[in-house]
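In what follows, a single structure is set out as structure tokens and then discussed.
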Amino acid sequence: MVVFPSCKINLGLRILSRREDGYHTIETCFFPVPWTDVLEIIPSDQFSFSSTGLAIPNDGKENLCVRAYQQLKTDFDLSPVKIHLHKVVPAGAGLGGGSSDAACTLKVLNHIFNLKLSEENLAGYASSLGSDCAFFVYDRPMIGTGRGEILSSIGLTLKGKFLVIVKPQVHISTAEAYAGVVPSVPTYSISRVLKMPIADWQDKLKNDFEDSVFKKYPAIKGVKNKLYNSGAMYASMSGSGSAVFGIFENEIDLKKQFQEMVYWSGTL
């Protein structure tokens, strides 16, 4: 079975407080984007995992797809499978590509082995793999609170808008990004701001990681400024970076302005 795990952007990301367990309480809007990896899972005589495409950073742990399989196998009698991941979405970008791969692995295994797990069941498994992993089980616009795993639907559409994503040649770890953030409670909730016209988002829809990340990596701030100068209705860093996105009213080609950077664009 072949599926195409999508990535996401964050429409606003507020760091509200530090929790006793070492995580942070956040508020964000996860929004799915049709920039995808390719994931194939088929029954096999023995378990295996392989990958092609972009290199997957070695963090000393099993790949998230493997961990997703192992997690379900603790509760269900799963037969071996062969997993192949073709990596297209860059890592260290704040786009959630690895989390999406893991969530899609859970969904495919649920289908192949007829486990009859509901979305809520799958989201429970996913949340233990990563804070944004549960969102990809649903793969529709959601407000994320808690660590990002507490999800609620939001009636938000950007249908017809054109999206540009640019990733500078910088890799930012989540731990590095959080180290520079001072938690605070915003004046406006993200849910409230997203009900406003996109033209009002620039001053009110904020990613709290930007201040410290932009100081350390001014090239990322430069990407955001270029997107606004090119006519973006709204631009922001996604997640903890380093990818920056711009939402445009009409299709635009900015590849020449962002040479030597990873570039994706498409209509939402």
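The values are calculated or read from the model by the stated rules, or taken from the named source; none is laboratory data. Everything quoted here is computed from the prediction, not taken from an experiment. Cβ atoms come from the backbone with ideal geometry, glycine included; neighbour counts cover every protein chain shown.
Residue under question is ILE56, and the condition is that it be in contact with a helix residue (DSSP H, G or I) (Cβ under 9 Å, 6 or more places away or on another chain), β-branched (Val, Ile, Thr) and assigned to a loop (DSSP other than H, G, I, E, B); does it hold?
Numbers: in contact with a helix residue (DSSP H, G or I) (Cβ under 9 Å, 6 or more places away or on another chain): yes; β-branched (Val, Ile, Thr): yes; assigned to a loop (DSSP other than H, G, I, E, B): yes.
Yes: the conditions hold for ILE56.
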inquiry  = Go through (1) surrounded by fewer than 23 Cβ atoms within 10 Å (Cβ to Cβ); (2) under 21 Å from the mean Cα position of the chain (by Cα); (3) not in a helix (DSSP H, G or I) for ASP75 and report which single condition fails.
reply    = (2)
query = Do the conditions hold for GLY155, that is, is it part of a loop (DSSP other than H, G, I, E, B), over 17 Å from the mean Cα position of the chain (by Cα) and among the small types (Gly, Ala, Ser)?
reply = yes
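Results for (1) of a type outside the set (S, T, N, Q); (2) over 14 Å from TRP35 (Cα atoms); (3) not assigned by TED's automatic domain parsing to the domain that holds ASP75, shown as yes or no for each residue.
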residue	(1), (2), (3)
ALA91	yes, no, no
ALA103	yes, yes, no
LEU106	yes, yes, no
SER128	no, yes, no
CYS133	yes, yes, no
Residues of region 208-251 that turn out to be crowded, with 16+ Cβ neighbours inside 10 Å and in a helix (DSSP H, G or I), as a count = 10
inquiry  = Can you pull out every residue in region 197-207 that is assigned to a loop (DSSP other than H, G, I, E, B) and either at pLDDT below 95 or out of contact with any Lys or Arg (no Cβ under 8 Å at 6 or more places or on another chain) (or both)?
reply    = PRO197, LEU205
ask   = Are any residues in region 85-117 free of Cβ contacts under 8 Å to residues at least 60 places away in the same chain, more than 27 Å from GLN169 (Cβ to Cβ) and surrounded by fewer than 24 Cβ atoms within 10 Å (Cβ to Cβ), and if so, which ones?
value = ASN110, PHE113, ASN114, LEU115, LYS116, LEU117
query = VAL170: surrounded by 11 or more Cβ atoms within 10 Å (Cβ to Cβ), over 16 Å from the mean Cα position of the chain (by Cα), over 23 Å from LEU16 (Cα atoms) and not assigned by TED's automatic domain parsing to the domain that holds ALA103, yes or no?
reply = yes
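Inspect all residues belonging to region 156-169 and state whether any of them is among the β-branched types (Val, Ile, Thr), more than 13 Å from CYS29 (Cα to Cα) and in contact with a Ser or Thr (Cβ under 8 Å, 6 or more places away or on another chain). Walk me through how you get there before you give the answer.
Just the residues of region 156-169 that are among the β-branched types (Val, Ile, Thr), to begin with: 157, 164-166.
Right, trim to more than 13 Å from CYS29 (Cα to Cα) and you get 164-166.
Still in the list and also in contact with a Ser or Thr (Cβ under 8 Å, 6 or more places away or on another chain): 164-165.
Yes, because at least one residue in region 156-169 is among the β-branched types (Val, Ile, Thr), more than 13 Å from CYS29 (Cα to Cα) and in contact with a Ser or Thr (Cβ under 8 Å, 6 or more places away or on another chain).
Taking the criterion of being modelled with pLDDT under 95 and in contact with a helix residue (DSSP H, G or I) (Cβ under 6 Å, 6 or more places away or on another chain), would at least one residue in region 227-238 satisfy it? Steps first, please.
Residues of region 227-238 that are modelled with pLDDT under 95, as a first pass: none.
The answer is no, given that none of the residues of region 227-238 is modelled with pLDDT under 95 and in contact with a helix residue (DSSP H, G or I) (Cβ under 6 Å, 6 or more places away or on another chain).
Can you tell me which residue within region 165-189, out of those that are in contact with a Phe, Trp or Tyr (Cβ under 7 Å, 6 or more places away or on another chain) and at pLDDT 85 or above, is farthest from SER152 (Cα to Cα)?
Applying the filter and picking the extreme gives VAL170.
Which members of region 135-149 meet the condition of being under 15 Å from the mean Cα position of the chain (by Cα) and not charged (D, E, K, R)? Write out each step before concluding.
In the first step, residues of region 135-149 are kept if they are under 15 Å from the mean Cα position of the chain (by Cα); the result is 135-145, 147-149.
Answer for region 135-149, where residues must be under 15 Å from the mean Cα position of the chain (by Cα) and not charged (D, E, K, R): PHE135, PHE136, VAL137, TYR138, PRO141, MET142, ILE143, GLY144, THR145, GLY148.
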